[in-house]
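What follows is a set of notes on a single structure, which appears directly below.
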Amino acid sequence: MTKLIRALFATAVLPGAALAVAGVLENAWAHRLPDPVATHWNSTPDSATPLGVFTGVCLGLGVAAVLLLATTAVAVLRRGRPLPRATVGVGAGFAALPAAVLLSVLVANLDVPDWHAARSGLVVVLFMLGAAAIGVAAALVGGLPAPPAREGAAHRPSVGLRAGERAFWAGRAANPAMLWALAVVPVVIALVPAGLPWATAVWLALVGVAVATLTYRLSATADARGVTIRFGLLGVPWRHLALTDIREATTRELSTFGDGGLGLRFNPVTGTTAYKVRGGPALALELESGRTVLVSVDDPETGAGLVNDLLAQRITRID
């Protein structure tokens with residue numbers, strides 16, 4: 001089984017099958033369901049939604065999540081990057097959540113005279129476990145971790161910069177999945193029986209999108225003045241490291257949830273600061289202070305090579 005087939009099976013086939021089963025069962029059970037159906041519980045059903053609307057929202061969210069997850073996985077493979085098992089598993093689990101929510105509501109409303117008589121919404125727990133199982137299976141099938149690092153001396157990149165030459169490097173990375181995840185998750189939670197009220201979920205989704213928009217992008221530049229790191233659309237927060245502060249530059253392969261996860265992360269034990277919007281290749285700057293700065297941007301090898309060449313030539317400013 002090729003990497004592409006494995007990735008598509010994990011990110012499209014598995015959660016897509018859950019959506020297909022939910023859609024088929026809704027159609028087969030339509031005559032046995034009240035309309036509207038109970039969609040929210042406190043101790044008893046306290047809110048209802050038209051069956052067609054609820055089904056459409058759940059299936060629509062699921063299809064959008066599956067398409068985005070699968071296209072992201074394909075794009076990652078085409079760039080030659082690994083697909084961490086944790087990333088594939090969590091993504092597939094989230095993509096299967098709308099199907100789990102729809103099935104739990106259908107079962108709770110099946111064969112009742114009206115939505116007020118719906119059974120307990122706690123059945124959602126069983127279907128959530130099913131979504132988690134899909135995530136585990138997807139991680140095992142579609143996870144393509146990076147190969148282990150080879151033993152021996154660390155590779156010191158270089159771009160062959162000669163004395164007197166000027167050069168500039170810019171690396172960027174973005175994670176659009178952060179946008180849809182922070183927007184969709186509150187909505188999915190609102191669909192869960194006994195979940196969030198719709199108004200609260202919408203506000204949380206709006207806040208999540210705003211936060212993700214400001215942080216889902218990352219850029220780094222290197223020249224004779226040093227390395228500058230900028231986050232998000234506004235470039236804030238930002239950090240500048242002069243060449244005199246840097247001892248050496250290398251590259252590393254970062255996991256999505258390593259070093260504390262995504263965002264700006266600091267490990268007080270190791271002294272490592274990570275600027276991350278994704279897993280994969282990253283620029284690693286070893287500072288004179290003994291601390292390490294990691295930046296998850298594309299083409300870190302070239303950036304590290306330029307920094308090393310500038311350090312070797314003791315260039316600290318542009319004339």
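The values are calculated or read from the model by the stated rules, or taken from the named source; none is laboratory data. This one's a predicted model, so the numbers in the text were calculated from it and none came from an experiment. Methodologically, a virtual Cβ is constructed for each residue, glycine included, from the backbone with ideal geometry; neighbour enumeration extends over all protein chains shown.
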Go through the stretch 31-59 and report how many residues are part of a helix (DSSP H, G or I) and either touching a residue at least 24 places away in the same chain (Cβ under 8 Å) or in contact with an Asp or Glu (Cβ under 6 Å, 6 or more places away or on another chain) (or both).
7
Filter the stretch 20-30 for residues that are without any contact (Cβ under 8 Å) to a residue 40 or more places away in the chain and of a type in the set (A, V, I, L, M, F, W, C); the one that is farthest from residue 118 (Cα to Cα) is 20
State whether the residues of the stretch 231-251 include one that is crowded, with 16+ Cβ neighbours inside 10 Å and at pLDDT below 80.
yes
Among (1) modelled with pLDDT under 90; (2) in contact with a helix residue (DSSP H, G or I) (Cβ under 6 Å, 6 or more places away or on another chain); (3) farther than 28 Å from residue 88 by Cα, which single condition is residue 265 missing?
(3)
Here the residues within the stretch 279-307 that are at positive phi and part of a loop (DSSP other than H, G, I, E, B) are 290, 299
